Each structure stands twice: as structure tokens, then as C-alpha cells.
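**Q** Before I ask anything, here is the structure I am working with.
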Amino acid sequence: PMAPVHCFSVIDSTNQYLFERVNQLSSGESCLAECQTAGRGRRGKPWVSPFGCQLILSMYWRLEQGMAAAMGLSLAVGVAVVEALESLGYPGVELKWPNDLYYQGRKLAGILVEMSGSAGASCHLVIGIGLNLAMPSQQGEKIDQAWSELRHVQPELVDRNQLAACVLLHLQAAMQTFEQSGLASFVESWNRLDYFAGQPVKLLMGEQVIRGIARGIDDRGALRLETDEGIKVYLGGEISLRRG
Ligand code: BTN
């Protein structure tokens with residue numbers, strides 16, 4: 001059975017809404033909005049979410065494995081969302097490590113997983129997704145990177161309620177699979193969808209820059225880079241394409 005979905009026209013942040021209520025929620029409970037006034041992105045950045053232009057969605061999940069598993073979980077979320085889009089007839093969407101959705105080299109959607117709890121015990125997770133559907137061009141100027149939208153993938157957009165339901169069902173199924181078998185059952189799919197696969201990339205970690213060829217992810221969700229000293233794995237950092 002589907003858990004309750006809390007719908008809003010305008011909200012500060014759908015992630016925030018669920019985060020404030022974690023003790024009253026059950027896994028799978030979700031929040032949807034048309035617009036956010038304080039949408040949150042990764043790395044403390046704001047997330048631009050103008051009225052009616054995105055799928056803005058968050059889902060609560062109580063993770064029995066505890067916080068250590070959350071990194072892998074965020075990669076599983078990326079796979080679930082791409083597969084939901086594929087099932088609706090949107091082909092060609094890829095993943096940029098760790099969990100951005102990309103279409104033809106431009107960001108289509110972002111995922112923010114926030115958590116609370118203590119190490120070792122089960123923890124509260126809020127999984128947030130912002131997916132561009134059809135953005136007004138003036139709004140797009142506020143975004144600090146190359147972006148895409150779902151109508152570029154397929155000009156005829158499916159009904160937004162249908163899209164929301166499909167993403168929620170795929171997410172819920174993915175979380176159940178993740179609880180049973182961890183990231184392992186997603187690695188093959190993730191690597192199939194890898195936007196950077198086989199490309200020369202650089203990984204920015206603080207002041208440090210690591211250069212290599214992207215070779216997918218391992219069972220923990222770590223990025224595999226083929227460097228001069230062989231394959232190395234990284235759990236953090238910001239990846240980008242290396243030109244020249
Ligand atoms: C990123 O920086 O790529 C992650 C963006 C995540 C945005 C979504 S929109 C729904 C949910 N609520 C938020 O405040 N953020 C996430």
C-alpha cells in the first residue's frame with residue numbers, strides 16, 4: 001500500500017517539511033509541492049524551484065542499517081528515478097556521480113538526501129528530488145550550471161500526477177530492495193547509466209585535484225578512477241569532465 005502524500009502549493013522546502021516531522025512519519029510518506037521558497041541543494045546551495053516548473057518531491061524513509069549506508073542509498077535513488085523516467089518513455093537520461101540526473105551533458109534533476117540519527121542505530125532519511133520539467137527562460141538564468149528539462153527529452157510531457165506517482169512507486173520499491181540487499185543490486189544499473197563512463201575526468205577534493213578515467217562505482221558507491229597508479233576509489237569530491 002502507498003503511504004500518505006502531503007501536497008502543497010507553496011512551501012519553504014519539502015525536505016524541511018518531512019524533516020521537522022520525522023518522529024510522526026512512516027517509511028514511504030511523501031511531500032509534494034508546486035513551488036519552494038527555500039529549496040535546498042547539495043553543499044548548502046539554494047535550489048531554484050519556480051512555480052509549477054519542476055517535480056518537487058521528498059520521501060521519508062527509516063533506514064534500519066543506520067547512517068553508514070546512506071551514501072550508497074543516494075546512488076540507488078538516482079537509479080530509481082532514471083528507471084521511472086525510462087518506464088514512462090523518457091530515454092537517454094544518465095547519472096553523474098554521485099546522484100545527479102543528466103541529459104545530453106546538462107543537469108536535469110538533483111537529489112538531496114538528508115539524515116538524522118546516531119551512529120550504529122537506525123536513522124531518519126529524507127530523500128528530496130527536484131526534476132526540471134519546463135523552466136521559464138528568465139528563471140533559468142539564476143541557475144549556476146548547464147541545465148536541461150524533461151521537455152527536451154520528450155516534448156510531449158506526461159501528466160505531472162502520473163509522473164509523481166511513478167517516481168514515488170519506483171522510489172519505494174528501490175528503498176525496499178536497498179534495505180534487503182544494499183547497493184549491490186543497483187551497481188550494474190548505475191554503471192549502465194554512468195554519464196562519465198570511460199571519460200577522462202578530474203575529481204576536486206578540497207584543494208586536491210585527481211585526474212583519471214572514470215570507471216563506474218564499486219559496491220559502496222565509491223567512484224572508481226583509473227589513475228597512473230591503477231584503479232583508485234573515492235567516496236567524496238566533485239567530478240567534472242577533463243578537456244585537453
Ligand atoms: C542538488 O543540489 O543537486 C540537489 C537538489 C535537491 C532539490 C530538491 S527539490 C525537493 C527537495 N526539497 C528541497 O529543499 N530540496 C530537494
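Readers should treat all values here as calculations from the given coordinates under stated rules, not as data from a laboratory. From a predicted model like this one, the values you see are computed outputs, not experimental measurements.
**Q** Under the definition of Cα pairs under 8 Å and six or more residues apart, what whole-number percent is the relative contact order of the chain?
**A** Numbers: 501 pairs, mean separation 41.9, N = 244.
Relative contact order here is 17 percent.
**Q** Another question, then. Helix-derived [θ] at 222 nm for the chain: sum -39500 (n - 2.57) over DSSP H runs of at least 4, divide by residue count, nearest 500? Present the calculation step by step, with values, prior to reporting the outcome.
**A** Details: 6 runs with 63 residues, N = 244.
Computed mean residue ellipticity for the chain: -7500 deg cm²/dmol.
**Q** Also: At q = 0.09, 0.12, 0.16 Å⁻¹, what log₁₀ I(q)/I(0) does a Debye calculation on the Cα points of the chain give, no solvent, two decimals?
**A** Debye output, listed in q order: -0.37, -0.67, -1.21.
**Q** Separate question: List the residues whose amide H sits under 5 Å from the amide H of Leu95, counting only those 5 or more places along or on another chain, with H placed 1.01 Å from N in the peptide plane.
**A** Tyr102, Asp194, Tyr195
**Q** Compute the whole-percent fraction of alpha carbon pairs in segment 28-77 spaced more than 17 Å apart.
**A** 50 percent
**Q** Could you pull out every residue, at least 5 positions away or on a different chain, whose amide H is within less than 5 Å of the one on Gly52? Hs are placed 1.01 Å off N in the peptide plane, and Pro or chain starts have none.
**A** Answer set, sorted by chain and number: Cys35.
**Q** Filter the DSSP H helices in the chain by two things, a Kyte-Doolittle mean of at least -0.5 and an axial alpha-carbon span of 18 angstrom or more, and list the hits by number.
**A** 70-87, 160-181
**Q** Shape call for segment 191-244 from the C-alpha gyration tensor, a ≥ b ≥ c root eigenvalues: rounded (a/c under 1.5), prolate (a/b greater than b/c) or oblate?
**A** rounded
**Q** How high is the relative contact order of segment 3-121? Use alpha-carbon pairs under 8 Å, at least six apart in sequence, and give a whole percent.
**A** Value for segment 3-121: 22 percent.
**Q** Here is a further query. Under the Karplus relation 6.51 cos²θ - 1.76 cosθ + 1.60, θ = phi - 60°, what is the ordered set of whole-Hz ³J(HN,Hα) values for segment 201-214, x standing for Gly and Pro?
**A** So the Karplus estimates, Gly and Pro as x, are 10, 10, 10, 9, 10, x, 7, 7, 10, 10, 10, x, 9, 5 Hz.
**Q** At a threshold of 8 angstrom on Cα-Cα distance, excluding pairs fewer than six apart, so keeping six or more, what relative contact order does segment 54-107 reach in percent?
**A** 25 percent
**Q** Next question. Could you give the distance between the Cα centres of segment 55-114 and segment 170-241, to the whole Å?
**A** So the separation of the two Cα centres works out to 13 Å.
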